[in-house]
Amino acid sequence: MKVNVFSLSIPFITNPPSDWIDQWAVQLYVKVEDGEFGWGETLVAGSGIIGAYSSVISELIKPFLEENEINSPYELENLLEKIMFSAGNCGVVTGAISSVEMALWGLKSRRMKVPLAELFGGKSKSVVKVYGSFPRFSKIEDVIKAVEISKEKGFDFIKLHQSPSTILETVKKIREKYKELKIAIDLNSPFDLNKAKDFSEKISKYEIEWIEEPLWPPNDYSSLEKLTKVSPVPIAAGENEYTVYGFKKLLESGISYLQPDIAKIGGVSKFLKILELASSYNVKVAPHDRPDRSPVSLIYVLNLALAREMEIVEYPIADFPEDLFSVPVFKNGYVKPPENVEINEEALVKYPYINKIRILHFSDLEDKLIKHD
Ligand SMILES: [Mg+2]
């Protein structure tokens with residue numbers, strides 16, 4: 001099997017422009033070919049360390065697949081986790097596995113001449129409910145403008161990534177104008193338990209759908225359990241969880257929404273295991289997606305959502321580059337995905353990877369890294 005790795009920088013363009021223009025302009029794709037072909041995507045984490053992910057693929061997964069005949073994505077995921085377990089089955093390792101694993105599903109779908117959703121169990125619906133995931137904006141007025149534009153576009157549910165120091169004020173302003181809009185808040189792990197309890201109390205009067213990753217560190221399951229017992233607002237987490245055992249602990253902490261990321265955990269096979277696990281705990285799954293302008297891993301999630309039970313899927317408010325992809329069709333808060341990932345390979349040269357340091361000022365880093373006068 002042939003494996004090709006593509007490092008790209010697809011510019012992150014929103015109206016108004018956000019603070020994360022450079023930080024979200026980093027994409028890593030894989031194409032596998034064996035008669036037919038399939039595409040996959042690894043989510044390179046916020047720090048933009050693309051070389052670490054791509055070298056796991058180039059140095060190990062690519063030669064491994066060239067020498068061994070493996071057609072089962074499930075088998076591939078399991079074998080690669082075992083081969084690399086001493087490097088840690090999380091982060092860079094499972095991220096690198098993800099793109100290759102999902103590309104095998106793409107190839108399988110073409111080989112069998114069936115849409116991805118058929119491989120995943122068959123369509124039970126024709127469209128998927130999504131919410132508009134906002135990047136961070138530097139000014140509250142920009143957030144309000146982005147809300148206006150998103151409402152016009154058809155979103156009735158949004159999620160904010162403003163800094164912990166400005167989020168209360170931002171939500172207050174949005175609520176004054178928009179009574180019906182559904183709002184979730186993503187904190188990206190800034191608080192200790194007491195601050196998180198205090199925040200959940202203060203924000204509860206604005207009728208929030210969920211608070212996402214309120215605690216640092218995100219895998220402090222015992223503090224999370226204490227928080228879910230008292231928080232008046234539902235708690236969501238899961239985008240920084242990797243193993244089935246970790247997800248189990250997260251589910252046992254009493255969270256209301258589980259948010260696995262298919263491009264971080266190891267691909268479709270692992271995602272299916274986690275869906276089953278969540279349903280045994282009666283917890284809703286609301287998958288994480290980096291809301292940049294890259295739809296590759298998202299197309300796999302949307303096709304899974306056509307076949308399986310999911311509450312809602314994270315979705316960008318920025319448009320995808322149509323010269324590069326056959327893109328999902330968004331209408332009134334729902335999305336119809338393409339049946340498989342299609343990429344105009346010749347157009348990839350328009351988005352060469354731009355090598356620079358990328359530090360995502362999310363969570364409370366903005367308050368810590370920028371000196372205020
Ligand atoms: Mg998040």
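Note down all Cβ pairs under 9 Å where the first residue falls in the range 213-224 and is farther than 12 Å from PRO190 by Cα and touching a residue at least 24 places away in the same chain (Cβ under 8 Å), the second is outside any helix (DSSP H, G or I) and of a type in the set (Val, Ile, Thr), and they're at least six residues apart or on different chains.
That search, which allows pairs on different chains as well, returns LEU224/ILE235; LEU224/ILE255.
Taking the range 173-200 on its own, how many of its residues are part of a helix (DSSP H, G or I) and over 24 Å from the mean Cα position of the chain (by Cα)?
Filtering the range 173-200 down to residues part of a helix (DSSP H, G or I) leaves 173-177, 193-200.
Pick out the ones that are also over 24 Å from the mean Cα position of the chain (by Cα) and you get 173-177, 193-195, 197-199.
Residues meeting the conditions: 11.
Pull up the range 333-352, narrow it to residues that are buried (at least 19 other Cβ atoms within 10 Å of the Cβ) and aliphatic (A, V, I, L, M), then point me to the one that is nearest to GLU33 (Cα to Cα).
My answer is VAL341.
Please determine whether any residue of the range 277-285 is of a type in the set (D, E, K, R) and out of contact with any Phe, Trp or Tyr (no Cβ under 7 Å at 6 or more places or on another chain). Don't jump to the end; show me each part of the working.
Of the residues in the range 277-285, the ones of a type in the set (D, E, K, R) are 284.
Now restrict to residues that are out of contact with any Phe, Trp or Tyr (no Cβ under 7 Å at 6 or more places or on another chain): none.
For the range 277-285, residues of a type in the set (D, E, K, R) and out of contact with any Phe, Trp or Tyr (no Cβ under 7 Å at 6 or more places or on another chain): absent.
Condition first: touching a helix residue (DSSP H, G or I) at 6+ places or on another chain (Cβ under 8 Å) and polar (S, T, N, Q). Now tell me which residues in the range 210-224 satisfy that.
Scanning the range 210-224 gives ASN219, SER223.
Among the residues of the range 207-235, how many are over 15 Å from PRO164 (Cβ atoms) and aromatic (Phe, Trp, Tyr)?
Final tally of qualifying residues: 2.
Rundown of residues vs (1) part of a loop (DSSP other than H, G, I, E, B); (2) out of contact with any strand residue (DSSP E or B) (no Cβ under 8 Å at 6 or more places or on another chain), yes/no style:
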site	(1), (2)
TYR131	no, no
PRO135	yes, yes
LYS145	no, yes
PHE155	yes, no
ILE158	no, no
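So which of GLY91, GLY51, GLY46 ends up being surrounded by fewer than 22 Cβ atoms within 10 Å (Cβ to Cβ), at pLDDT below 95 and of a type outside the set (Ser, Thr, Tyr)?
Only one candidate passes the filter, namely GLY46.
The values are calculated or read from the model by the stated rules, or taken from the named source; none is laboratory data. The structure presented is a predicted model; accordingly, all values stated were derived computationally and were not measured. Positions of Cβ are generated from backbone atoms using ideal geometry, with glycine treated the same way; all protein chains shown enter the neighbour counts.
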